[in-house]
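The structure appears right after this line, and notes come after that.
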2 protein chains.
Amino acid sequence: MKIGDLARATGVSPRLLRYYEEQGLLTAHRAGSGGHRRYAEDAPAVVGHIRSLLAAGLTTRVIRELLPCVVGPGPEFEHCAAGTLREQLRGLEDKITTLQDARSALSGILATTVPSEGHEG
Amino acid sequence: MKIGDLARATGVSPRLLRYYEEQGLLTAHRAGSGGHRRYAEDAPAVVGHIRSLLAAGLTTRVIRELLPCVVGPGPEFEHCAAGTLREQLRGLEDKITTLQDARSALSGILATTVPSEGHEG
DNA sequence: CTTGCATCTCACATCGATGTCAGATCCTAC
DNA sequence: GTAGGATCTGACATCGATGTGAGATGCAAG
């Protein structure tokens with residue numbers, strides 16, 4: 001598929017697809033396409049993974065390291081950036097904790113300031 | 001207290017304290033100090049609140065709206081930006097969900113790629 | 001072969017919190 | 001009154017994902 005197709009399939013702009021390639025997250029071959037990118041069949045799935053990890057706050061640099069594990073579907077990636085994986089996992093849990101704290105703070109305020117409307121979530 | 005004192009007390013750089021003031025989050029009076037800022041006693045607490053909300057991913061603009069509720073300790077802030085509060089709360093929960101998803105994804109990978117070392121967290 | 005849309009590369013802009021530098025002014029201690 | 005540290009303002013830099021525009025070229029359909 002070409003870049004426009006992939007963009008339509010994933011909802012990610014061509015600009016970003018090129019950016020992901022530039023960051024080493026996405027591969028395209030350009031044989032006999034006059035310089036135009038051609039993507040493999042699993043490209044949409046890969047882009048999906050990238051988007052998820054980005055949404056989780058991971059950096060493209062980190063994703064570049066982790067992606068082989070995420071994409072590689074098999075048990076053959078035994079020592080696949082396990083250190084980075086653990087590190088990011090820890091960071092993720094820190095972030096979750098921080099957000100949960102903020103959430104209880106805000107919902108506490110909400111309960112205090114608008115007691116009649118707060119149906120304690 | 002002066003800006004350097006507040007900076008030391010909170011671990012936040014003078015640059016940022018000025019920035020928070022510029023964003024309307026922090027107040028200082030400058031009477032008879034030759035243009036130098038003077039902060040009230042509760043300033044460190046206020047800065048603490050600001051830092052927490054920033055860490056939660058809230059924007060200074062949003063914090064400016066919410067801060068009166070957060071800082072105002074009493075039940076007198078009845079309708080204090082309740083809409084914004086609810087909105088941010090929802091955004092926060094979305095973000096938490098996203099991060100939790102990413103966490104399980106990563107920890108799943110970790111368990112798969114390094115089964116011997118993963119003590120399922 | 002022409003027309004029109006897709007794609008290419010390159011570069012600059014944006015947003016938000018934060019750093020840093022420069023030049024001027026102030027306060028405090030001696 | 002002078003030296004030195006703190007503070008002032010203002011502007012420019014940074015990081016990372018993303019947008020946008022320009023100018024050139026490619027491809028597919030007529």
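The values are calculated or read from the model by the stated rules, or taken from the named source; none is laboratory data. Source: prediction; values computed, not measured. Note: ideal-geometry Cβ built from the backbone for every residue, glycine included; neighbour counts use all protein chains shown. For the accessible areas, the whole protein counts, side chains as well, though only heavy atoms, and no ligand, DNA or RNA atoms are used. Shrake-Rupley method; radii C 1.70, N 1.55, O 1.52, S 1.80 Å.
Some points to look at:
- Taking the range B:1-100 and the helices (runs of 4 or more DSSP H) fully enclosed by it, the elements with 3 or more residues that are more than 30 Å from A:Arg90 (Cβ to Cβ) and open to solvent by 30 Å² or more (accessible area, probe 1.4 Å) are at B:14-22, B:60-71.
- Scope the range A:51-67; condition of a type in the set (Ser, Thr, Tyr) and more than 11 Å from every other protein chain (Cβ to nearest Cβ); matching residues: A:Thr59, A:Thr60
- Single residue of the range A:38-50 satisfying the filter (within 11 Å of DNA strand D (Cβ to nearest atom) and away from chain B (no Cβ under 14 Å)) that is farthest from A:Leu66 (Cα to Cα): A:Arg38
- The residues of the range A:8-43 that are within 18 Å of the chain's Cα centre (by Cα) and at positive phi, listed by number, are A:Gly11, A:Gly24.
- Note on the range B:30-49: residues that are more than 10 Å from DNA strand C (Cβ to nearest atom) and farther than 19 Å from B:Arg8 by Cα amount to 1.
- Of all residues in the range A:1-24, exactly one satisfies the criterion of being under 17 Å from A:Ser52 (Cα atoms), β-branched (Val, Ile, Thr) and more than 9 Å from DNA strand D (Cβ to nearest atom), namely A:Thr10.
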